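These notes are about the structure you will find just below.
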Amino acid sequence: MATPERIRPAAAEDTSLVTGCGRRIAVRCLRLAPADRPISRVTLDIGPDQGDEHGTWAALTADEARDLARLLLLHAGLAERRS
């Protein structure tokens, strides 16, 4: 079985944010390196809220991560226009 490797960004980069409800969302790259076919995923780790309700996580392909980013930017723009 392959051992996961977390890709660490440069020290100056912040890879997480804390939402208004206190959840930390961390974004990282996870690589699994089986000999026959390496696998890379972008991971979102959503921590517990202020009441310690459990968080969740997702692992996305590069294309899925781009699609999610596009949707987030689209909806952020819509939210700004409505406020």
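The values are calculated or read from the model by the stated rules, or taken from the named source; none is laboratory data. The shown structure was predicted, so the numbers you read here are calculated from the model rather than taken from an experiment. The accessibility values were calculated without ligands, DNA or RNA, using every heavy atom of the protein model including side chains. Shrake-Rupley method; radii C 1.70, N 1.55, O 1.52, S 1.80 Å.
Couple of notes before you dig in:
- Measuring nothing but how far apart in sequence close Cα pairs (under 8 Å, 6+ apart) lie, relative to its length, segment 37-83 scores a relative contact order of 30 percent.
- Share of carbon and sulfur in the accessible heavy-atom surface of segment 10-83 [1.4 Å probe, %]: 56 percent
- Per residue solvent-accessible surface (Å²) - segment 31-83, probe of 1.4 Å: 83 Å²
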